[in-house]
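Colleague: I'd like to ask some things about the structure below.
The values are calculated or read from the model by the stated rules, or taken from the named source; none is laboratory data. What you see is a predicted model; the values in this text were computed from it and never measured. Counting neighbours? That spans all protein chains shown, and the Cβs are built from the backbone with ideal geometry, glycine included. Keep in mind that these areas ignore ligands, DNA and RNA; they rest on the heavy atoms of the full protein, side chains included. Shrake-Rupley method; radii C 1.70, N 1.55, O 1.52, S 1.80 Å.
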Amino acid sequence: VKEGDYDGLVSIMAFLMQVKERAVKTDNMFEPMQETIQLLKYFDMDIPEEVNVLLQELPEQWVNTKKIATTVKQQVSPLQATEVVRIRNKVTEFETHTQLFREIFRHYKFFRFDCNEPYLLIDRINEDIYRLECEMREIQQSGSLFEVNIPEFKALKQCRKELRMLKVTTYI
């Protein structure tokens with residue numbers, strides 16, 4: 001992966017994540033399978049030769065896959081570190097943006113009784129919140145892929161919660 005090839009890096013990180021997620025389960029899978037085959041052989045069940053070959057080859061292939069994943073992870077670690085910094089900066093910027101949005105949100109007219117058409121304003125703000133939530137999900141996906149802890153963005157969630165309550169109130 002070359003520097004600047006974000007899609008390639010994301011693809012590699014997805015594969016590395018899959019190997020990591022499956023490691024424990026797959027490591028523990030081969031021994032019970034071999035024991036089951038031995039039990040079947042003990043009771044004179046015919047086991048196709050290709051099953052025996054697979055039981056010999058698959059554990060070795062899995063070990064090789066884990067080694068390759070480790071090697072690739074070491075090779076992409078500088079790019080990953082750069083991306084982690086970029087994600088953290090994006091999180092900080094988004095957190096600041098949502099805090100500012102929250103402050104502005106708290107002063108909208110729809111919170112006052114003298115607002116003429118609160119529902120139109122609520123609709124417009126709903127679209128703004130939806131766009132921010134989409135951006136938040138994108139940041140969360142990037143964060144999980146690159147193993148970066150992402151905050152909950154409580155200010156945005158609070159805005160969504162209050163907007164829902166406000167919508168119900170306007171119906172009443």
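Colleague: At 222 nm, what helix-only mean residue ellipticity would the chain give, in deg cm²/dmol to the nearest 500, using -39500 (n - 2.57) for each DSSP H run of four or more?
Modeller: Values: 5 runs with 138 residues, N = 172.
When only DSSP H runs of four or more count, the value is -28500 deg cm²/dmol.
Colleague: Also: Pick out, in residue order, every one of the GluC sites (Glu not before Pro) in the range 66-170 that is DSSP loop and has at most 16 other C-beta atoms within 10 Å; say none if there are none.
Modeller: Details: sites: Glu83, Glu93, Glu95, Glu103, Glu127, Glu133, Glu135, Glu138, Glu147, Glu152, Glu162; in loops: Glu147, Glu152.
Of the GluC sites (Glu not before Pro), the ones in loops of the range 66-170 whose Cβ has at most 16 other Cβ atoms within 10 Å are Glu147, Glu152.
Colleague: Could you list, in their original order, any pairs among Lys73/Lys154; Lys73/Lys157; Lys90/Lys157; Lys66/Lys154 whose Cα atoms are separated by more than 28 Å?
Modeller: Exceeds cut-off: Lys73/Lys154; Lys73/Lys157; Lys66/Lys154.
Colleague: Something else now. For the chain, what size does the Cα cloud have along each of its three principal axes, sorted from largest down, in whole Å?
Modeller: Reported extents, whole Å, longest axis first: 86, 43, 19.
Colleague: Could I ask something else about it? With everything on Cα atoms, drop me the angle between helix 118-145 and the longest principal axis of the chain, reported from 0 to 90° to the nearest 10.
Modeller: 30
Colleague: Also, quick follow-up: Might you report the magnitude of the Cβ-based charge dipole of the range 42-172 about its Cα centre, with Lys and Arg at +1 and Asp and Glu at -1, to the nearest 20 debye? Don't skip to the end; give the middle numbers.
Modeller: Details: 19 positive and 21 negative charges, 240 e Å.
Using Cβ point charges on Lys, Arg, Asp and Glu, the range 42-172 gives about 1160 debye.
Colleague: Can you put Met165, Met13 in order of accessible area, largest first, using a 1.4 Å probe? All intermediate terms of the calculation are to be shown ahead of the outcome.
Modeller: Numbers: Met165 105, Met13 10 Å².
Most to least solvent-accessible, the answer reads Met165, Met13.
Colleague: Another question, if that's okay. For the chain, what is the accessible area per residue in Å² when the probe is 1.4 Å?
Modeller: On the way: 12420 Å² over 172 residues.
Per residue, the chain has 72 Å² of solvent-accessible surface.
Colleague: Taking only C-alpha pairs under 8 Å that are 6+ residues apart, what is the relative contact order of the chain in percent?
Modeller: Values: 75 pairs, mean separation 45.9, N = 172.
With pairs under 8 Å counted, the relative contact order is 27 percent.
Colleague: Longest segment of the chain with no chymotrypsin sites (Phe, Trp or Tyr not before Pro) in a DSSP loop having at most 13 other Cβ atoms within 10 Å?
Modeller: Details: sites that count: Phe43, Phe113.
Longest run free of exposed loop sites: 44-112.
Colleague: Here is a follow-up. Taking the Cα atoms only, what angle lies between the long axis of helix 49-105 and the longest principal axis of the chain, rounded to 10 degrees?
Modeller: The helix 49-105 is inclined about 10 degrees to the chain.
Colleague: Roll a 1.4 angstrom probe over the protein heavy atoms and tell me the percent of accessible area of the range 1-41 that is carbon or sulfur. Display every interim value, and only then the final one.
Modeller: Details: 1770 of 3120 Å².
Carbon and sulfur together cover 57 percent of it.
Colleague: Also, I was wondering about something else. Counting Lys and Arg as +1 and Asp and Glu as -1, what is the net charge of the other residues whose Cβ lies under 10 Å from the Cβ of Lys20?
Modeller: Working: positive: Arg22, Lys66, Lys73; negative: Glu21, Glu147.
Net local charge, Lys20 excluded: +1.
Colleague: For the range 65-170, what % of the accessible area comes from carbon and sulfur atoms, probe 1.4 Å?
Modeller: On the way: 3740 of 6980 Å².
Carbon with sulfur: 54 percent of the solvent-accessible area.
Colleague: In addition: Write out the trypsin sites (Lys or Arg not before Pro) in the range 1-100 meeting two conditions: DSSP loop, and at most 15 other Cβ atoms within 10 Å of their Cβ.
Modeller: Details: sites: Lys2, Lys20, Arg22, Lys25, Lys41, Lys66, Lys67, Lys73, Arg86, Arg88, Lys90; in loops: Lys2.
Here the trypsin sites (Lys or Arg not before Pro) that fit, given the DSSP loop and packing criteria, are Lys2.
Colleague: Tell me whether the range 47-114 comes out rounded, prolate or oblate; compute the Cα gyration tensor, take square roots of the eigenvalues as a ≥ b ≥ c, and use a/c under 1.5 as the rounded threshold.
Modeller: It comes out oblate by the Cα gyration axes.
Colleague: What is the angle, in °, between the Cα long axis of helix 30-42 and the longest principal axis of the Cα atoms in the chain? Nearest 10 is fine, range 0 to 90.
Modeller: 40
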